[in-house]
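The values are calculated or read from the model by the stated rules, or taken from the named source; none is laboratory data. Everything numeric here is computed off the predicted structure, so don't read it as measured data. Cβ coordinates were reconstructed from backbone atoms using ideal geometry, including for glycine residues, and neighbour counts include every protein chain displayed. Side chains included, ligands, DNA and RNA excluded: accessible areas come from the protein's heavy atoms. Shrake-Rupley method; radii C 1.70, N 1.55, O 1.52, S 1.80 Å.
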Amino acid sequence: MEEDGEIYDGARAEFPISFGKQSKSQTPLETIHNATRRSVPNSKTANDFPSVSSSSKQWLQSVRSSKNPTPLPPPPPSPPLHDDSPLVGPPPPPPHNDEKEEDDGDMIGPPPPPPGSNLDDSDSDEDSDQDLLGNRFRIPLSNEIVLKGHTKVVSALAVDHSGSRVLSGSYDYMVRMYDFQGMSSRLQSFRQLEPSEGHQIRNLSWSPTADRFLCVTGSAQAKIYDRDGLTLGEFIKGDMYIRDLKNTKGHITGLTCGEWHPKNKETILTSSEDGSLRIWDVNDFTSQKQVIKPKLARPGRVPVTTCAWDHDGKCIGGGIGDGSIQIWSIKPGWGSRPDIHIEKCHEDDITSLKFSTDGRILLSRSFDDSLKVWDLRKTKEALKVFKELPNHYGQTNVGFSPDEQLFFTGTSLERDSSTGGLLCFFDRVNLELVSKVGISPTSSVVQCSWHPKLNQIFATVGDKSQGGTHILYDPTISERGALVCVARAPRKKSVDDFEANPVIHNPHALPLFRDQPSRKRQREKVLKDPLKSHKPELPMTGPGFGGRVGTSQGSLLTQYLLKKGGLIKETWMDEDPREAILKYADVAAKEPKFIAPAYAETQPEPLFAKSDSEDEEK
């Protein structure tokens, strides 16, 4: 073997260094993930921790803004130790006296917090909650990437069950499709669709087999697309002049929400502003299977703002515009009468409903800036009400974590707020707020989802000028998804990618099919034309009017001079109109024209009244 190696080295020395296939330099994964690591904004000052020692402050700052967990340099020791060697491990207990506790030497690792500190307050230590999340709930929050491309807020989100494709819909009327397996670190979509021109995207939903997806827009007709974005069909629109909604073949006004059946790949559910829910068969686009009319206190049309299936597809939940929640159980002979009717759940429109896997807990999100937790076995009162969660979008949803220990929702950006859009996590067992994660300082968080297979959190944000989808992940606990596309460098362009467009010259073609001449030749032709190349006359800036010298506005020069000199006087302003007309009375009587001669023999003699001026003088 040694002789073979010597022979190989000797033969290799005869060739240049650049001979053969060169190995590509690969960027280590740690460097890639460090580039996508989330930076925790440090908006708090030292005044927020009045009882924390300087070393503890340094440790807290390092935990908040650390990208690489390296220990901080120790603070300078105040009293010298008897032993010059550094102290490894926890410091020895201080002597029993009333003096303040001080650091007695070089300490490795973060120091313990002093007694009486306010570290347990939720407002004073935000990152300690992150440590608790990492140890207890294992929320992937360390890294983040953003899928951009939309020009307005992203209002719809759908991730297929395998976690390979992501759909995002926006108020810019477009749906963008992303593929993690084929996407590079540029994070560009491979296809974009416009389902209904001029209508916002309200909701997107994958089928159970992930071979098709449902697109719900602001129009009255939902569309079905295949996995590659090709249109498979569009559901029919109902007759808007039929009063009874059960007699119409489809929705008559704009849709508000829609979901695919979680188990049956042939059934979908939609809700509309016309006040009905409809169950459709994807194989028949001309008519629905079932029409559900909610129960109302008084007759009328109240919009259904949202709808949802339970985990097994045996129940349907609907959020009604009057603030109530109605739930129907799918069973033989079921109709529009709800099995569970919770009145006055919210003070405003409901934007999202979410059932737990066991079917006992129901989450509801509303425009009244609240999130409520309901026990479907006791619906008289909500288990818990979380307030002060701003919501300005009708598609703001709520969801569960994969193990359902947590549930979460997004908040909207307020005018005077300094925190921006947040993603709030709540503990299902204790029914308390666990953490608030900042997603975007200038945009609202609308849709959010926690994928169980990828263990990654998706949150859509946006405003009037831009929109995107933030993906939160942790390289240690997340799988595939964002980890695949972030590590894939974009393909470099080769010589084969450049194609020269051939130019075909046909000088004897007909004028209709002849190529346009070059600009240089057109310019030369125009210069030879005496009319086109004639210099235009400059506008008149001297005396005169309308390009004529010696004229004024509305009269000739002689008339203008006579008027100014007083030779021509305009006396019609000073004359009495009655006297001016009577001047022609004698002429009209002697030489009548037009109608007067025909009635000369029978016409009575006109008598004119005398002037009133003489009576006034008397």
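Per-structure values
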{"quantity": "Single match in Thr469, Thr442 (criterion: under 13 Å from the mean Cα position of the chain (by Cα) and closer than 24 Å to Leu353 by Cβ)", "calculated": "Thr469"}
{"quantity": "Filter pass, Leu454 being touching a residue at least 60 places away in the same chain (Cβ under 8 Å), in a loop (DSSP other than H, G, I, E, B) and not small (Gly, Ala, Ser)", "calculated": "yes"}
{"quantity": "Test: Ser364 is part of a strand (DSSP E or B) and among the small types (Gly, Ala, Ser)", "calculated": "yes"}
{"quantity": "Among residues of the range 462-473, those that are out of contact with any His (no Cβ under 6 Å at 6 or more places or on another chain) and buried (at least 20 other Cβ atoms within 10 Å of the Cβ), counted", "calculated": "7"}
{"quantity": "Conditions (1) within 17 Å of Ser219 (Cβ to Cβ); (2) in contact with a Leu (Cβ under 9 Å, 6 or more places away or on another chain); number of the one not met by Ile292", "calculated": "(1)"}
{"quantity": "Pairs, first touching a residue at least 60 places away in the same chain (Cβ under 8 Å) and open to solvent by 10 Å² or more (accessible area, probe 1.4 Å) in the range 169-184, second in a loop (DSSP other than H, G, I, E, B) and of a type in the set (Ser, Thr, Tyr), C-beta under 6 Å, six or more apart", "calculated": "Asp172/Thr151; Gln181/Ser164"}
{"quantity": "Within the range 380-408, considering residues that are more than 22 Å from Thr460 (Cβ to Cβ) and open to solvent by 40 Å² or more (accessible area, probe 1.4 Å), the one farthest from the chain's Cα centre (by Cα)", "calculated": "Lys380"}
{"quantity": "Checklist (1) modelled with pLDDT under 95; (2) within 17 Å of the chain's Cα centre (by Cα) applied to Cys215, failing item", "calculated": "(1)"}
{"quantity": "The lone exception for Val434 - which of (1) out of contact with any helix residue (DSSP H, G or I) (no Cβ under 9 Å at 6 or more places or on another chain); (2) at pLDDT 90 or above it fails", "calculated": "(1)"}
{"quantity": "Count of residues meeting criterion [closer than 20 Å to Leu422 by Cβ and part of a loop (DSSP other than H, G, I, E, B)] in the range 463-487", "calculated": "4"}
{"quantity": "Failed item in (1) under 30 Å from Gly394 (Cα atoms); (2) in contact with a helix residue (DSSP H, G or I) (Cβ under 6 Å, 6 or more places away or on another chain); (3) of a type outside the set (A, V, I, L, M, F, W, C), with Lys532 passing the rest", "calculated": "(1)"}
{"quantity": "Only one of Phe213, Phe235 that is more than 15 Å from Asp284 (Cβ to Cβ), without any contact (Cβ under 8 Å) to a residue 60 or more places away in the chain and buried (at least 20 other Cβ atoms within 10 Å of the Cβ)", "calculated": "Phe213"}
{"quantity": "Residue in the range 243-266 that is among the aromatic types (Phe, Trp, Tyr) and surrounded by 24 or more Cβ atoms within 10 Å (Cβ to Cβ) present", "calculated": "yes"}
{"quantity": "Count of residues meeting criterion [of a type in the set (Phe, Trp, Tyr), in a loop (DSSP other than H, G, I, E, B) and farther than 16 Å from Ile471 by Cβ] in the range 169-220", "calculated": "3"}
{"quantity": "Selected residue [more than 20 Å from Ser207 (Cβ to Cβ) and buried (at least 18 other Cβ atoms within 10 Å of the Cβ)] from Val291, Val282", "calculated": "Val291"}
{"quantity": "Residue among Thr357, Thr351 that is more than 19 Å from Arg278 (Cβ to Cβ), loosely packed, with under 15 Cβ neighbours inside 10 Å and within 30 Å of the chain's Cα centre (by Cα)", "calculated": "Thr357"}
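One line per residue, one yes/no per condition, for (1) modelled with pLDDT of 75 or more; (2) in a strand (DSSP E or B); (3) open to solvent by less than 90 Å² (accessible area, probe 1.4 Å):
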residue	(1), (2), (3)
Ala489	yes, no, yes
Ala500	yes, no, no
Leu512	yes, no, no
Leu527	yes, no, no
Leu531	yes, no, no
Pro539	no, no, no
Lys563	no, no, no
Met573	no, no, no
